[in-house]
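Below is one structure, written out as structure tokens; the observations come after it.
The values are calculated or read from the model by the stated rules, or taken from the named source; none is laboratory data. Since the structure is predicted, the reported quantities are computational estimates derived from the model, not experimental observations. Positions of Cβ are generated from backbone atoms using ideal geometry, with glycine treated the same way; all protein chains shown enter the neighbour counts.
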Amino acid sequence: MVCGYRKRFRVPPVQAAPRLFLRFDGAAHQAVVRVNGRVAGQHRGGYTGFTVEITDLVDREGENLLTVQLDTREDP
């Protein structure tokens, strides 16, 4: 099936690093990661970890919306 997750978040001042990344331990089978409606990255491959950079997509002062769309259908 195609499903997804949504989470609102703020960037803590402690993490005001010059570059920001999200690390996923795994996603089945295809994932599209968006921050504030813009694509941050895509991943193909069941249950394997991946990282996406979100530096240019986040609002460091306000609230952000992370969405992950997953297509869990088998796709050889």
For segment 55-68, state whether one or more residues are within 18 Å of CYS3 (Cβ to Cβ), surrounded by 17 or more Cβ atoms within 10 Å (Cβ to Cβ), modelled with pLDDT under 95 and out of contact with any Lys or Arg (no Cβ under 7 Å at 6 or more places or on another chain). no
Of the numbered conditions (1) at pLDDT below 90; (2) surrounded by 12 or more Cβ atoms within 10 Å (Cβ to Cβ), PRO18 fails exactly one; give the number of that condition. (2)
Positions within segment 38-50 being exposed (fewer than 13 other Cβ atoms within 10 Å of the Cβ) and touching a Leu at 6+ places or on another chain (Cβ under 7 Å), in sequence order: ARG38
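Filter segment 23-33 down to residues that are surrounded by fewer than 16 Cβ atoms within 10 Å (Cβ to Cβ) and modelled with pLDDT of 90 or more and give me whichever is farthest from ASP71 (Cα to Cα).
Across segment 23-33, the extreme among qualifying residues is ARG23.
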